[in-house]
1. Please arrange 60, 165, 76 by how many other C-beta atoms lie within 10 Å of their C-beta, fewest to most.
2. What is the fewest-to-most order of 99, 214 by other Cβ atoms lying within 10 Å of their Cβ?
3. What percentages make up the Cα-Cα pair-distance distribution of segment 141-217 when the bins are 5 Å wide from 0?
4. At a 10 angstrom cut-off on C-beta neighbours, averaged per residue, how do the peptides 182-188, 61-67 rank from highest to lowest?
5. Using alpha carbon coordinates only, what is the Rg to Rh ratio of segment 139-186, with Rh defined as the Kirkwood radius?
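Taken together, the values in this text are just the output of simple stated rules run on the coordinates, not laboratory data. These numbers were taken from a predicted model, which means no experiment stands behind them. Glycine also receives a Cβ, built like all others from the backbone with ideal geometry; neighbour counts cover every protein chain displayed.
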């Protein structure tokens, strides 16, 4: 039962995680109006950050199929910590070279090289490749719910998602919506976001717990 849970929920978790990182890691863009301008301002002035998030995944019928929450921290480029605390504890750490995913319930650690783990996903920007930006079409998506929105659409048809929407408010990035090719929508809401906060470097180091199974690229 746990293995099935890990396979299904873990895939959704990883997909939402990498796309959320896309919003944080995009390099500065030429100035435009609306959402793209807000994205440019936010990213050009943000080197590190800490905060909390709430995540909801909706099915095709717009009913909630999963809810979770946790904390995040990052230091550009390539170092991040994404910790789910509910409903299942799971930790994802990028140390600049590898990505470590620790499932506490299963006592299992999956480790992969950064570029291989992120592949052609938006989070590949963590590897420092500005060329990854060319894989998306960015456009302003207007104002709604008090936020300025920008939309990112992948150019490649083989991508496992259709679009990403990012909403910027007074405090910066506040919401993110991902629509995947299966008709599911993942919504992320960010709170307590502190830009350029002092971040403990130890957050981006991971040592597998004693007794945990470690699989992947050690």
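1. On the way: 60 10, 165 21, 76 17.
Exposure proxy ranking, most exposed first: 60, 76, 165.
2. Working: 99 28, 214 13.
Listing 99, 214 from fewest to most nearby Cβ atoms yields 214, 99.
3. 3, 12, 15, 14, 12, 14, 17, 8, 4, 1, 0
4. Working: 182-188: 17.4, 61-67: 10.7.
So the peptides 182-188, 61-67, ranked by packing, come out 182-188, 61-67.
5. Values: Rg = 11.6 Å, Rh = 11.3 Å.
On the Cα set of segment 139-186, Rg over Rh gives 1.02.
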